[in-house]
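Undergrad: Structure below; questions to follow.
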Protein chains: 4
Amino acid sequence: MVIVMKMGASEEDVQAVVKMIRQVGLEAHVSRGQFHTVIGVIGDDEKVMELPFQAYPMVERVVPIMKPYKLVSREFRPEPTVIRVGEAELGSEFVVIAGPCSVESEEQVVETARLVKEAGAKLFRGGAFKPRTSPYSFQGLGEEGLRMLARAREETGLPVVTEVLDVRDIELVYQYADVLQVGARNMQNFLMLKELGRQDKPVLLKRGMSATVEEWLLAAEYILREGNHQVILCERGIKTFETGTRNTLDISSVPLVKRNSHLPVIVDPSHATGIRELVPPLARAALAAGADGVMVEVHPNPQQALCDGAQSLTPQEFKAMMEDLKAWTSLRKPEGR
Amino acid sequence: MVIVMKMGASEEDVQAVVKMIRQVGLEAHVSRGQFHTVIGVIGDDEKVMELPFQAYPMVERVVPIMKPYKLVSREFRPEPTVIRVGEAELGSEFVVIAGPCSVESEEQVVETARLVKEAGAKLFRGGAFKPRTSPYSFQGLGEEGLRMLARAREETGLPVVTEVLDVRDIELVYQYADVLQVGARNMQNFLMLKELGRQDKPVLLKRGMSATVEEWLLAAEYILREGNHQVILCERGIKTFETGTRNTLDISSVPLVKRNSHLPVIVDPSHATGIRELVPPLARAALAAGADGVMVEVHPNPQQALCDGAQSLTPQEFKAMMEDLKAWTSLRKPEGR
Amino acid sequence: MVIVMKMGASEEDVQAVVKMIRQVGLEAHVSRGQFHTVIGVIGDDEKVMELPFQAYPMVERVVPIMKPYKLVSREFRPEPTVIRVGEAELGSEFVVIAGPCSVESEEQVVETARLVKEAGAKLFRGGAFKPRTSPYSFQGLGEEGLRMLARAREETGLPVVTEVLDVRDIELVYQYADVLQVGARNMQNFLMLKELGRQDKPVLLKRGMSATVEEWLLAAEYILREGNHQVILCERGIKTFETGTRNTLDISSVPLVKRNSHLPVIVDPSHATGIRELVPPLARAALAAGADGVMVEVHPNPQQALCDGAQSLTPQEFKAMMEDLKAWTSLRKPEGR
Amino acid sequence: MVIVMKMGASEEDVQAVVKMIRQVGLEAHVSRGQFHTVIGVIGDDEKVMELPFQAYPMVERVVPIMKPYKLVSREFRPEPTVIRVGEAELGSEFVVIAGPCSVESEEQVVETARLVKEAGAKLFRGGAFKPRTSPYSFQGLGEEGLRMLARAREETGLPVVTEVLDVRDIELVYQYADVLQVGARNMQNFLMLKELGRQDKPVLLKRGMSATVEEWLLAAEYILREGNHQVILCERGIKTFETGTRNTLDISSVPLVKRNSHLPVIVDPSHATGIRELVPPLARAALAAGADGVMVEVHPNPQQALCDGAQSLTPQEFKAMMEDLKAWTSLRKPEGR
């Protein structure tokens, strides 16, 4: 950490800061420039981060030097984390997760699970609890939906990925799901993250709609810190001024995460764009950029979907995309190896 | 709701959409332009919002006509809502809420409560649970902190505003608090909003960091819909590209909310800027723009604050600001009357 | 400037950077932390800014310490700059600039100039060249419009503020205008800024739609550096996710500019919001926040305006606003004194 | 265009709007809903866009139905535009444009041109005029730089792409360049766009840093409208809250442009990220998403580059990327065919 003093800071102002640093047992290096005095702090960053430097009127800025996360960093663990779920090896092969946005009926989920399996998907997704901006929209089937997802798994063998919307539902969802999903809106629900850090099932952590990659990795850090190291990151688009797509898929986040972390990272082009036709080219782009997989929405009949029909692939479209991806997979070079 | 068909949509495409509209008992007006056919839907917007128009490949866009909220709208209730807490009348007079960012000790809170009361504050704020981006930062004192806040109320008579961070803590916080605060990160925690909608104490709803005013009003709608009509909106800055301040105080949201809603709206210049010196001019600006109050951070000794010391006013600064505000209050014209 | 080396940087990597610094005659302080080595550079920041540190693979980050601007800074010139135009003293009293968005006819501008003068405006604004996103919109009257503005000045004595849209038109606009306006889209048109830096008339520099305050001050620096110290900054809203207003008025930028610069800063609530009803409360807020003035749109008949009618005040609304502002002005405390 | 009246609009309010529409010779369809009256306008959208609907106090919103651009749209011209420059066919094959950020010396540009040609690039890029946020940074070599670029073309046969920074330099740059580049900051410099629309050389139009795809296409419309149909769009990243990369590469814009326009679109991963290591995976992603090419920065010695060294590939890195791209090209499926 480096502390920049304001122009005109007196020797006394500088010593007040130095004193505070030494009180917690750390070392301070003072370096006087032509205009500004700069104080370097050497030692444990955790302790430093708690000190109220900013409250000193003559402190202009505090510049952190260390990355704020540890356990998720590639420096901490150089080799990639591989997470095994069913037949999928996330972090080692390119994995496709597919299914409907929301669970509507047993028939719908079982049919969809069958067809995505046949086309090559390795995990099945579906939402039983839906976060909706408006209180007047469909909110999901709840536990009944979870039971239907379990039925689909029984029928197909595909492990189930589903969202935990409320921290009070973790136990319930845990009983039915193979991978516990954290939605974008909950990425900084730190209490939920901690709770999930105490589970022994993988967590799929979606990036918050306006979170930086660093904040996303810090959210993952909350989970790892409690003991659960099985975290799959999922890029799902960030809020920007572009209105032609629902969100903006931050494709650069894939190689950026790979550089800074050992965790697997996948891409959700369905939520990122909200437009069905853009899903196949962006799934290819995700693969080319080094992602460990994609998660896409498929619906047997998008025109009757209770949510997000505009972004769901039809069974035919999904099959065509899977065949296309197969060809590209042969050229794939995972980043970060 | 207006549905715009793509160029080249056939009569059949148009009729498929019309049929769906009529099936739920609504009326459809088809109007054919030179290039696009447009279908107007007349009737209950709630039902319409559930229909999967976007999944029809020849639908280009769906344009909602009605505002998506009702109970919070000025059209629903033309006169302003006034919320009485202690001696404050939010929605009728200009109210100052003040206190430390986080509760650190009984001594600190009681001392701060006394001094803000003396200077003219009508409510006392303080955080017992703190949401922190990093798992390595101070997370608050929890129930112990709540007890200290209650002590401060006993000593001063000031009602207590404090944040509910976790939906599981509502009951606990309810026992100690007079106003239940929802933080920016929880603005779209819909399950928490619903739960708070069933309480009989006022809710202070902070605007999400990248929420629009419409999304914020929709979040309030979740609370009103469950029966609790005592909602105080709090503008606390939105995420922008400006780096000179922590967030960007959206001062326009004050008259905008007043135009569209009957709920009281206050401003938190401390969190919006993160810079102590900007708090007094922005508190004045909030008053001038028609806000119903401000919420500011005060700490007896900002240099020892465990959180956000840089934005906390000293007792002297707070006193000066209060005197200044008193003069301006005489000129105040609340918007929306 | 502080250079942070990556974890694992060797002594050789560090020395390569140190060597480069010393080659340009500057001093380097190396400080080795537990994880990272940090190199402080002492000396002239201009030279340092040109060095290609980022190209060294083991350099993690370069942290500038000095503010990147000089002539516009309060450190360079502690007392506020006062700019006299006609009877206005920008930087010393609260000044209202008013007029139509675009010049439509001589009658329109002369009539508007008369009525804004009568209500108390000290400068007259009007656009002869209009930047329009669509090539199919009204683009302004050009030189004919400038002549009409000059007529309005003749009739009323009000100095004229008008935009230079094209660097090739500076000479032309100079002949007719008293203050040369740079629009938001040209804030980083550096060649135009330099040219305006060689003129002897004041420049009104609007903030770019997604510029930070620092970038805005750097743009002003371009003008001052060429010799023209008469720059009036104008906050006109920044691009955010809020859709209820056209842009988001960054009210905090007013006290922030006042803290960091000696230049006068005014606010344009008409363009910031695009909504007529929000103009008066935001003009009041600008005054309360310490702005040196406001610039607002007035049209004798907004329903016939060729541009931006929705945000133009009627003569009656303008008059009411001026009376209201007069009362508030008595309480005004300019920031930065 | 659809005009939504406010709740409570009287018959008179509605008729005033209808009258205005009919006065310009267009047809108005009035449709009365339960809460709102909606007026559909049928006819020429250009005329409608000029009408000041928003100035009518009882008009709530104006919803445009048509896309605001024409000549650039796929509806206007269904088959893709192919632009031939030297041996490249932009819009038909995957083309790599490469070269240094800025021209530094004849030796540097000739050497770089040779090596990028050898590795397979089809066009050469280099900046003679550099837009810089700070007046204290290197601003480019100007005409001398253009002459050096011409030398590189003589030596290698590679056509030259270079930026026009100032509208007054178009003639000068035209003499030396094969493709005239418009930088992100000039994307809405409408006067420059019009001037370029009168040239007979291709224009490479970079997307503005916070422009939507629609605004970008509207900027291209300005050029086509004057007669120059040879426009190459270049996605170079948009401003977002992500700080790990310089900008956020909006990869979705590639298939989105292909859907809506016939113009070729390429990607600049160097400026989008500012990080050398991210350039190869993102170039692959661009190809996979259906882009018509990429533009990348290469420097013989990035550590001595006068600008943007951190994002320039070394000759070895560029060669490796080109070989990798060759393999992927075989699988390429251009979008929009």
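Undergrad: Using only Cα atoms and rounding to the nearest 10 degrees, what angle (0 to 90) does helix C:279-289 make with the longest principal axis of chain C?
TA: Approximately 50 degrees, to the nearest 10.
Undergrad: Spelling out what I want: for every residue of region D:213-223, take phi, set θ = phi - 60°, compute 6.51 cos²θ - 1.76 cosθ + 1.60 (Karplus), and round to whole Hz; glycine and proline get x.
TA: In residue order, the calculated couplings are 4, 5, 5, 5, 5, 5, 5, 4, 4, 4, 6 Hz.
Undergrad: Here is a follow-up. So if R0 is 56 Å, what FRET efficiency would residue A:301 and residue D:327 give, r being the distance between their Cβ atoms, rounded to the nearest 0.05?
TA: Working: r = 38 Å, r/R0 = 0.69.
According to the calculation, E is roughly 0.90.
Undergrad: Looking only at Cα atoms, what is the convex hull volume of region D:95-158 per residue, in Å³? Write out the running numbers ahead of the final one.
TA: Details: hull volume 4.8 nm³, N = 64.
With only Cα atoms used, region D:95-158 gives 74 Å³ per residue.
Undergrad: Please work out whether region C:277-331 counts as rounded, prolate or oblate from its C-alpha gyration tensor, where a ≥ b ≥ c are the square roots of the eigenvalues and a/c under 1.5 means rounded, while otherwise a/b larger than b/c means prolate and anything else oblate? Please report the intermediate quantities before stating the final value.
TA: Values: a/c = 3.03, a/b = 2.02, b/c = 1.50.
In terms of gyration-tensor shape, prolate.
Undergrad: Which of B:268, B:13, B:166 moves most in a GNM of chain B, Cα contacts under 10 Å?
TA: Residue with maximal mean-square fluctuation among B:268, B:13, B:166: B:13.
Undergrad: Oh, and also: Using θ = phi - 60° and the Karplus form 6.51 cos²θ - 1.76 cosθ + 1.60, what ³J(HN,Hα) does each residue of region A:31-38 get, whole Hz, x for Gly and Pro?
TA: Result, rounded to whole Hz: 9, 9, x, 5, 10, 10, 9, 10.
Undergrad: Additional query: Quick one: putting +1 on the C-beta of Lys and Arg, -1 on the C-beta of Asp and Glu, what dipole do you get for region D:8-143 around its Cα centre, in Debye to the nearest 20?
TA: Working: 16 positive and 20 negative charges, 30 e Å.
Approximately 140 debye in magnitude.
Undergrad: For the protein assembly as shown, state the semi-axes of the equivalent ellipsoid (square roots of 5 times the eigenvalues of the alpha-carbon gyration tensor), sorted largest first and rounded to whole angstrom.
TA: Details: eigenvalues 328, 312, 284 Å².
Over the Cα atoms of the protein assembly as shown, the ellipsoid semi-axes are 40, 39, 38 Å.
Undergrad: Whole angstrom only: what separates the Cα centroid of region C:190-250 from the Cα centroid of region A:90-147?
TA: Taking the Cα centre of region A:90-147 as reference, the centre of region C:190-250 is 50 Å away.
Undergrad: Counting only residues 5 or more places away or on other chains, whose amide H sits under 5 Å from the amide H of residue B:295 once H atoms are built in the peptide plane?
TA: B:97, B:267, B:268
Undergrad: Let me ask something else. At a 10 Å Cβ-Cβ cut-off, how would you order D:254, C:82, A:203, D:294, fewest neighbours first?
TA: C:82, A:203, D:294, D:254
Undergrad: Continuing with this model, one more query. Based on alpha-carbon centroids, what's the gap between region A:251-266 and region A:27-83 in Å, whole number please?
TA: Between the Cα centre of region A:251-266 and that of region A:27-83, the gap is 23 Å.
Undergrad: Under a 5 Å amide H to amide H cut-off, with H placed in plane at 1.01 Å, what residues pair with residue A:33 once short-range neighbours are removed?
TA: A:38
Undergrad: Tell me which B residue has its C-beta closest to the axis rotating B onto A, and the distance in Å?
TA: B:210, 2
Undergrad: For region A:2-63, report the convex hull volume of the alpha-carbon atoms normalised per residue, in Å³, without decimals.
TA: Value for region A:2-63: 68 Å³ per residue.
Undergrad: From the label point of residue C:47, set 7 Å from Cα along Cα→Cβ, how far away are the matching label points in the other copies, in nm, ordered shortest to longest?
TA: When each copy's label point is compared with this one, the spacings are 3.8, 6.8, 7.8 nm.
Undergrad: Okay, moving on. Within 10 Å of each residue's Cβ, count the other Cβ atoms and sort B:7, A:187 from fewest upward.
TA: Listing B:7, A:187 from fewest to most nearby Cβ atoms yields B:7, A:187.
Undergrad: Peptide B:52-63: average number of partner chain Cβ atoms within 10 Å per residue?
TA: Working: counts 12, 3, 11, 13, 4, 6, 0, 2, 2, 2, 1, 7.
For peptide B:52-63, the averaged partner shielding equals 5.
Undergrad: Within region C:17-56, find all residues whose amide N lies under 12 Å from a label point positioned 7 Å from the Cα of residue D:132 along Cα-to-beta-carbon.
TA: From region C:17-56, the list is C:46-52.
Undergrad: Once you charge only the Cβ atoms, +1 for Lys and Arg and -1 for Asp and Glu, what is the size of the charge dipole of the protein assembly as shown about its Cα centre, to the nearest 20 debye? Present the calculation step by step, with values, prior to reporting the outcome.
TA: Working: 160 positive and 184 negative charges, 1 e Å.
Computed about the Cα centre, the dipole is about 0 debye.
Undergrad: Tell me which residues come under 5 Å, amide H to amide H, from residue A:6 once H is placed; ignore anything under 5 positions away on its chain.
TA: Excluding prolines and chain starts, which carry no amide H, the hits are A:59, A:60.
Undergrad: Rounded to the nearest 0.05, what FRET efficiency do residue A:92 and residue D:89 have when you use their Cβ-Cβ distance and R0 = 56 Å?
TA: Details: r = 39 Å, r/R0 = 0.70.
Rounded to the nearest 0.05, the efficiency is 0.90.
Undergrad: Kindly express, to the nearest 10 degrees and within the range 0 to 90, the angle between helix A:11-23's C-alpha long axis and the longest C-alpha principal axis of chain A.
TA: Helix A:11-23 sits at roughly 60 degrees to that axis.
Undergrad: Using the count of nearby Cβ atoms within 10 Å as a rough guide to exposure, how do D:97, B:251 rank from fewest to most?
TA: If I rank by nearby Cβ atoms, fewest first, I get D:97, B:251.
Undergrad: Turning to a different aspect of this structure: Using only atoms on other chains, find how many Cβ atoms lie within 10 Å of each Cβ of peptide A:286-298 and report the average. Let's see the in-between values first.
TA: Details: counts 4, 3, 14, 12, 6, 2, 0, 0, 0, 0, 0, 0, 0.
Partner-chain Cβ atoms within 10 Å, mean over residues of A:286-298: 3.
Undergrad: Still on this model: How fast does region D:117-231 diffuse by Stokes-Einstein, in µm²/s, taking the Kirkwood radius from C-alpha pairs at 4 °C and 1.567 mPa s? Write down the numbers at each step before the final one.
TA: Details: Rh = 14.6 Å.
The calculation lands on 89 µm²/s.
Undergrad: What does the copy distance list look like for residue D:58, label position 7 Å along Cα→Cβ, in nm and ordered from shortest?
TA: 3.6, 6.6, 7.6
Undergrad: Now for a different question. Would you kindly calculate the translational diffusion coefficient of region C:1-151, applying Stokes-Einstein with the Kirkwood radius from alpha carbon pairs, for 37 °C and a viscosity of 0.692 mPa s, and quote it in µm² s⁻¹ without decimals?
TA: Numbers: Rh = 20.7 Å.
After rounding, the answer is 158 µm²/s.
Undergrad: If you plug each phi of region B:101-111 into the Karplus form 6.51 cos²θ - 1.76 cosθ + 1.60 with θ = phi - 60°, what whole-Hz ³J(HN,Hα) values come out, in order, with x for Gly and Pro?
TA: My calculation for region B:101-111 gives 4, 10, 6, 10, 7, 4, 4, 4, 6, 5, 4 Hz in order.
Undergrad: Treating the point 7 Å from Cα along Cα-beta-carbon as the label, what are the nm separations from residue B:93 to the other copies, to one decimal?
TA: With the label placed 7 Å along Cα→Cβ, residue B:93 yields 3.7, 7.1, 8.0 nm.
Undergrad: Further question: Under 10 Å, Cα contacts only: if you run a Gaussian network model on chain D, which one of D:105, D:134, D:261 comes out with the highest mean-square fluctuation?
TA: Fluctuation is largest for D:134.
Undergrad: Next up: What are the equivalent ellipsoid semi-axes of region A:193-337, built from the alpha-carbon gyration tensor (square roots of five times its eigenvalues), in whole angstrom, biggest first? Before the final figure, lay out each step's value.
TA: Numbers: eigenvalues 133, 64, 47 Å².
Ellipsoid half-lengths, sorted descending, are 26, 18, 15 Å.
Undergrad: Counting only DSSP beta bridges with both residues in the protein assembly as shown, what percent are antiparallel, rounded to the nearest 5?
TA: Values: 74 of 178 bridges.
Taking every DSSP beta bridge within the protein assembly as shown, about 40 percent pair in antiparallel fashion.
Undergrad: A further question follows. Once the mean 1/r over all distinct Cα pairs of region A:87-132 is inverted, what Kirkwood radius in angstroms do you read off?
TA: Working: mean 1/r = 0.0876 Å⁻¹.
Computed over Cα pairs of region A:87-132, the Kirkwood hydrodynamic radius comes out at 11.4 Å.
Undergrad: In peptide A:256-265, what is the residue-averaged number of other protein chain Cβ atoms found within 10 Å of each Cβ?
TA: On the way: counts 8, 1, 3, 4, 1, 0, 0, 0, 0, 0.
Neighbouring Cβ atoms belonging to other protein chains average 2 per residue here.
Undergrad: Can you find, among B:145, B:269, B:99, the residue sitting farthest towards the positive end of the charge dipole of region B:83-329, where Lys and Arg contribute +1 and Asp and Glu -1 at Cβ?
TA: B:269
Undergrad: Which angle from 0 to 90°, rounded to the nearest 10, does the C-alpha axis of helix C:315-329 make with the longest principal axis of chain C?
TA: Computed tilt is about 50 degrees.
Undergrad: With a Cα-only, solvent-free Debye model of region B:83-329, what are the log10 I(q)/I(0) values at q = 0.11, 0.17 Å⁻¹?
TA: Debye output, listed in q order: -0.50, -1.35.
Undergrad: Suppose every K and R has +1 on its Cβ and every D and E has -1 on its Cβ; what is the size of the dipole of region C:83-329 about the Cα centre, in Debye to the nearest 20? Show your work: numbers first, answer last.
TA: Working: 27 positive and 34 negative charges, 86 e Å.
The dipole of region C:83-329 has a size of about 420 debye.
Read-outs throughout are calculated quantities, based only on the coordinates presented, and are distinct from any laboratory measurement. Only a predicted model underlies this, so the values are computations on that prediction, with no experimental measurement involved. Cβ sites come from the backbone with ideal geometry, for glycine too, and all protein chains shown count toward neighbours.
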